[in-house]
Structure formats: C-alpha cells, structure tokens
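Written below as structure tokens is the structure these notes are about.
The values are calculated or read from the model by the stated rules, or taken from the named source; none is laboratory data. Please read these numbers as outputs of a predicted model, since none were measured by experiment. All Cβ positions, glycine included, derive from the backbone under ideal geometry; neighbour counts span all protein chains shown.
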Amino acid sequence: MIHPSLIGQASPLGTKITDAGVNFSLFSRTANKVELLLFDREDDANPSRVVLLDPIANRTYHYWHTFVPGVRSGQLYAYRVFGSDDKTKGLRFDPTKVLLDPYGLGVVIPEGYTPDAARAAGDNAKTALKSVVFDNSVYDWEGDTPLKTPSSRTIIYEMHVGGFTRHSNSGVAKEKRGTYAGVIEKIPYLKDLGITAVELLPVFAFDPFACPAGLVNYWGYQPVSFFSPHPAYSSKKGGTEPIDEFRDMVKALHRAGIEVILDVVFNHTAEGGDTGPTLCFRGIDNPTYYILEDEGAKYADYSGCGNTLNANHPVVRRMIVDSLRYWVKEMHVDGFRFDLASILSRDSSGKVIPNPPVLWDIESDPELAGTKLIAEAWDAGGLYQVGSFVGDAWKEWNGRFRDDARDFFRGEPGAVGKLADRMLGSHEVYGHEQRGPEQSVNFVTCHDGFTLNDLVSYNEKHNEANGEQNRDGSNDNKSWNCGVEGPSDDPAIEQLRNRQVKNLLSVTMLSLGVPMILMGDEVRRTQNGNNNCYCHDDESAWFDWSLVDKHAEIHRFVKLLSARRLLRDVTHEQHRVSLTQLIEQAHKAWHGVKLHEPDWGESSHSIAFGAELRDEKLVFHLILNGYWEPLDFELPLPTEGASWHRWIDTSLASPEDITPWESAPPVSGASYRAGPRSVVMLYSKLAE
C-alpha cells in the first residue's frame, strides 16, 4: 500500500517543488501504466530510481501523479508510459522509449541523441532527451517587468539567437557566441539601431537533428517542449543553466528598453509523421495531442512537418495557455508570434471553426492581457486568414504588404493602388474590422525567403546546398536582381541595389502599422540566393559583422529612419480612414506627377501623398517613383513663411540620401525631380 504522503496531487501538471520534495503530474487518458524515471546524468543508460505510479492510488481521473521526497531543482527525470500499440486506432505506446514531460521546464540533450536513435528498436534511455526539475522562486529579477511598449512605437527586429553572434567576427567571446549571453553583449548595437523589440526565432527546446539530407535544424521549428528554453543557446552547460541565462538576456534587453517577442510553434512537434521518433506526446497520449485521420491510423499534416497539434482539444488548449502564461509570468517575455497560426483555427478533424476556443482562451486570459499577440495567419494546408484572423487583440504578419511593396519597386503593373493602401494600414485588408492600423505587422523580408540583399540580387532561388535539388523553398519570390544574377562588381548595379534596399526599408518604416525588419537587412546580409536557409547553421546563415562597415550607408539609413519613427507623435494613427476619405479631406491628398491627379491605372509606376499632422505641426509630402526614369512631381505650396525640407531622397548618394530630421536641407521650386526607382520624403512646418 502506498503511503498517503507519496500519492501526490494532480495539480499542477509537470513538477512542483516543496521543502520536502517534488510533486510530479502527467496527463494520459489512454495509458494503463506509468513509470517515473530519475536520472543522475543525462547520458545514463539506466535510471537511478524508478517510481511506479499505481493506477489506483496515483491516478485521479486521467492524471498520473506522485510525490518523491528529497528531490531538488536540477534533478533529471523522464517517463515510461505503457498501453496498447494499435496504430489503426491512433495508439502508439512504446515502453522502451523514455519520454519527456510535456510540462518540463528544462530539457537536456545527451551527446548521443539523434532521431534515428530515438526511432531504433529497444531501450533508448542512454540517448533519450530528459526533463529537468527547476525551482522558479530563486531567481532575482531585480524589479524587472514586461515593458508594454505601445505598438505604435514598436520597431521589431526578427532575429536568430544563435546566428546573431555565432560568427567569429562578432566580437563576442568564443564561449558566448551563438548564445543568450552573446545577445546581451550585442544589446548596444540593437539600441543604437533603434530597435524596440526583438522577435526571436524559436527558443523552445527543439530537435537540432530534425532535418532531411543529413543537415541540421537551424531555425528551430521542431519543438520538443513548450516550456523549456533551448539548451544549446546557453553558454553554460547544465540542466538549469539555460533557464537562468535566458532570463538574464530578457532582463538585460528590458533595461535597454527592448521587448522580447518569441516565435512560438504550437502547430506541430518534432515527432513528425508515421515514421518519426517517439519523444514525448506520441508515447504519452497520441490521440489527445495530435489531429489524426482514418480513424486514428494517420497523422493529419497541415503544418508541412508530418503532424498537426490538436490545439483545440481541452487538454492541449490548457497546455498552450499554460505555456504562454509561464513565459510571461516566469520568463518575463513581452509577446508571441504564432507560427502557422491558422492551424489553431482547426478542430480535431481538421475542419476550420468560426470561433476557435484556443484563440479566445489566449486572447481573454487575464494573465496575458497587454501581451503582444502576432499571428502568421496561414498554414501549409492552404488556409489563408490575413485580414480575417479570429480575435480582437491579434496583430497579423501582413503578407500582402510584403508582396505589394516588392511588386511596386520591381515595376509590376497594377501595384500603385495596392501599395498606397498598404502604406495607410491596409484598409482594404483590415478596414472591415474597425481596428487600429497596428493590426498590420509590415515587413518585406523575414527568415522565410530571401534576405533584403538577395531580394534585389537574385531572380531565382539557389537552394542547391539544401540537398533537395533546389525543389524546396518558394518559387514565387517577387524579386528583381537589378540586371545581374548574384554578386556584382559593377558600380551601377551596386548603386541600384542600394537604392532598392533603401526604398523597401523606407516604405516599411514609414507605413502605418508595426514595422519589422529581418536580422542583417540593415547591412545587406546575404544567404547567397538561398530562400530557405532552415538547414544551415553556418556562415551562410549567420550575421557577418564585417558587413556593418562594408554597408555602413545602409546601416546609417536604418538608424535615421528608426530615430524619426521613435520621435513622432502617433496619435494620427489611432483613426482609420478609407482611401476615399483621404482623397476627400482637404488636408490629406493623393497626387501623381501633377497635384491632385493620382494615376491608379495598371501602367502607372508612381504616386505621391501629402498629409497634415496637426499634432506634430507638420505637413509632409511623400513621393514614390517606381519608374525607371526620373519624374518631376508638382509640390503643394508650403504654409506661409515656411519651406519644404528634404529628409529622404534614396536616389542621392549618402549622406544626402537621408539626413538627421532636424537638419534636413530646404528645397525650393514648384516641383521636385525624383530619381528613377526612388523614395522622397519632404516636410514643412505649420505656422504656430
């Protein structure tokens, strides 16, 4: 008979440390036997202790639980879960496999771990991933709290933790390169650039070997735990060290006024499809955690990665919300970007439902109030919800902004009207929802696709190094190589590419909405034409810090764009107006080369826009010339006693391409000549 003190409690799931020991709790509806395994070292072939959970005494409803005296923070543990192996019904129990705790706060990855080792027949304890008991109460946050920076003053920098400082020329100490600690050393760079938020590619513990062709999983979109920071990003090796080092990074970024947004993957796991490894969820309760087809015999795949998390199942919903709460409460993160978020709109049969419970659970949770929620509003199953994603608080990656900005500056017909709408907050996309323009996260490039340098340097993808005969990655890049495929020594080609980079950065930063730029775009980082660099943890994907000097003029351009955006009064962004309303209002107007005569035709390649910002006592005039020849644009008369000042003209050589706002030079005349493929921003001060 089990002593009452060892029975444990169903709540909370995962582990709970007390002075006397640790409570363990695991959900499994379909298991008939569970063993808790305690390990002394991550590569031990045998546990130091096995605790058998009695199906009567140690089970409440579908929760298996026990209390183990004397266990402390840092203890390694895992589970063996027993039950039927009937794949035709979706049951895939395998007691030879050591399994992670879905609520484990830390993960260790033994040196001998590979997916093949996890798939191989027989006991895998020596090489299995293992969870770590962790005590959250001992860390000193020194008064740190999430920043809650208004979205209207947010500039997002999408960044890979490892790739940001991995390069030997990063200036970061060798032992800290590619780590959370390495990011800390580069905070002055981010601050100087004007960044207010870093959006980190996945930092949930992931399978680094879940990748075809014998390469590596660099991006991290193969999670094995939703509560644990990835251990390989820690400069200090040990079960609990990555957790505290991640917190050190968050605390340091907050001190610099920079928020931390996590790219989270709640749409699939690293266990893959039918032949994938059994690491955690599959071996604990497969029908609960995954969307299954053919009465459970087959994994539904709306993620393109072999399986789909059953996000609207009550148990999985709770796990997702608990994970988000944990990262906000215990890790102090400021927001989340949800990878393939449209999958969260699917029910257990894969059908799209109008009011997905998990999305409303996230949005309505009081502990997540004020947290930035950003959706990648599509999935690999063809569901595209940009402009229609469920909820009131969600922002969206605006893929239409990306496509239309690219089309305009490569000279595609019919792009003028589309870009005009995108720059005013994409009313065409979001206007029916009557929400602020910050619903749109505006970007031209992200981790998935060409870098900004490659967007203006390649017409075609060059993914041969991925080992898939260049079949992977998008074929529709909306790119233009400026006349030469790949690197060029021709000064005219390089000048044009610099101008195109500045053009695209300008529309991203000047448009209504939340701007996001990709790591290294401010210095023309290249991936040599690879538009799907998910499998290269090498210099082809890392930030090359020599580019900061090589492309100093682009770096300077971004700094001055950021500086002005952070200074502006943004109260005018709180009121959404349609394109028609803008034309009708006397103090805001669209123009063409002639005042008040915009050309919205298919063959048009230019547009101008003027607006009066009374809160800032400014009038500005923005000119976008996507034509391959210079054009003369008529200018409105400035207010009496004032003159126009040129802040930006991307056709001019640096440092005239952009000037500090306060020292922008005056321009005279009734018109302004905008160079070919250029962006011009003029402003005039209103009379007091």
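Side notes on the structure shown:
- Across the range 559-610, the number of residues qualifying as within 23 Å of residue 633 (Cα to Cα), in contact with an Asp or Glu (Cβ under 8 Å, 6 or more places away or on another chain) and at pLDDT 60 or above comes to 7.
- Residue list for the range 301-312, filter: surrounded by fewer than 21 Cβ atoms within 10 Å (Cβ to Cβ) and closer than 23 Å to residue 84 by Cα: 306
- Meets criteria (within 23 Å of residue 341 (Cβ to Cβ) and without any contact (Cβ under 8 Å) to a residue 60 or more places away in the chain) for residue 311: yes
- Of all residues making up the range 398-422, the number that are part of a helix (DSSP H, G or I) and either out of contact with any Phe, Trp or Tyr (no Cβ under 8 Å at 6 or more places or on another chain) or surrounded by 24 or more Cβ atoms within 10 Å (Cβ to Cβ) (or both): 12
- Scan of the range 472-506 for residues that are on the phi > 0 side of the Ramachandran plot and either surrounded by 22 or more Cβ atoms within 10 Å (Cβ to Cβ) or small (Gly, Ala, Ser) (or both), ordered by number: 473, 482, 483, 486
- Within the range 613-633, the residues that satisfy the criterion of being within 23 Å of residue 502 (Cα to Cα) and assigned to a strand (DSSP E or B) are 619, 620, 621, 622, 623, 624, 625, 631, 632, 633.
- Residues located in the range 425-466, provided they are under 21 Å from residue 532 (Cα atoms), hydroxyl-bearing (Ser, Thr, Tyr) and outside any loop (DSSP other than H, G, I, E, B): none
- All told, residue 529 falls short of being touching a helix residue (DSSP H, G or I) at 6+ places or on another chain (Cβ under 9 Å), on the phi > 0 side of the Ramachandran plot and either in a helix (DSSP H, G or I) or surrounded by fewer than 20 Cβ atoms within 10 Å (Cβ to Cβ) (or both).
- Among the residues of the range 97-147, the ones that are of a type in the set (D, E, K, R), surrounded by 20 or more Cβ atoms within 10 Å (Cβ to Cβ) and in contact with a Ser or Thr (Cβ under 9 Å, 6 or more places away or on another chain) come to 2 in all.
- Residue list for the range 266-287, restricted to those being crowded, with 24+ Cβ neighbours inside 10 Å, of a type in the set (Val, Ile, Thr) and part of a loop (DSSP other than H, G, I, E, B): 269
- In the range 185-243, residue nearest to residue 539 (Cα to Cα) [restricted to those that are among the aromatic types (Phe, Trp, Tyr) and not in a loop (DSSP other than H, G, I, E, B)]: 233
- Complete set of residues in the range 50-93 that are surrounded by 17 or more Cβ atoms within 10 Å (Cβ to Cβ), within 22 Å of residue 129 (Cα to Cα), of a type in the set (D, E, K, R) and touching a strand residue (DSSP E or B) at 6+ places or on another chain (Cβ under 9 Å): 80
- Among the residues making up the range 89-131, those that are modelled with pLDDT of 95 or more, β-branched (Val, Ile, Thr) and not in a strand (DSSP E or B) are 96, 98, 109, 127.
- Of residues in the range 347-390 being out of contact with any Asp or Glu (no Cβ under 6 Å at 6 or more places or on another chain) and of a type in the set (Asp, Glu), the one surrounded by the fewest Cβ atoms within 10 Å (Cβ to Cβ): 367
- Meets criteria (closer than 16 Å to residue 311 by Cα and not hydroxyl-bearing (Ser, Thr, Tyr)) for residue 356: yes
- Verdict on residue 337 being crowded, with 24+ Cβ neighbours inside 10 Å, basic (Lys, Arg) and not in a loop (DSSP other than H, G, I, E, B): yes
- Identity of the residue in the range 244-260, assigned to a helix (DSSP H, G or I) and among the acidic types (Asp, Glu), that ends up surrounded by the fewest Cβ atoms within 10 Å (Cβ to Cβ): 248
- Residue within the range 499-522 that is under 17 Å from residue 406 (Cβ atoms), in a loop (DSSP other than H, G, I, E, B) and of a type in the set (D, E, K, R) present: no
- Count - residues of the range 169-195 that are in contact with a strand residue (DSSP E or B) (Cβ under 7 Å, 6 or more places away or on another chain) and surrounded by fewer than 23 Cβ atoms within 10 Å (Cβ to Cβ): 1
- Just one of the listed residues (388, 345) is modelled with pLDDT under 95 and hydroxyl-bearing (Ser, Thr, Tyr), and it is 388.
- Filtered by the rule that a residue be in a strand (DSSP E or B) and farther than 13 Å from residue 78 by Cβ, the range 15-38 gives 16, 17, 21, 22, 23, 25, 27, 33.
- Matching residues, the range 1-23, being over 32 Å from the mean Cα position of the chain (by Cα) and surrounded by 14 or more Cβ atoms within 10 Å (Cβ to Cβ): 2, 6, 7, 8, 9, 10, 17, 21, 22, 23
- Residue within the range 199-216 that is crowded, with 22+ Cβ neighbours inside 10 Å, in contact with an Asp or Glu (Cβ under 6 Å, 6 or more places away or on another chain) and either over 22 Å from residue 182 (Cα atoms) or modelled with pLDDT under 95 (or both) present: no
- Strands (runs of 3 or more DSSP E) lying entirely in the range 39-82 (those with 1 or more residues that are of a type in the set (D, E, K, R)): 49-53, 76-82
- Selection status of residue 439, polar (S, T, N, Q), over 22 Å from residue 476 (Cα atoms) and buried (at least 22 other Cβ atoms within 10 Å of the Cβ): yes
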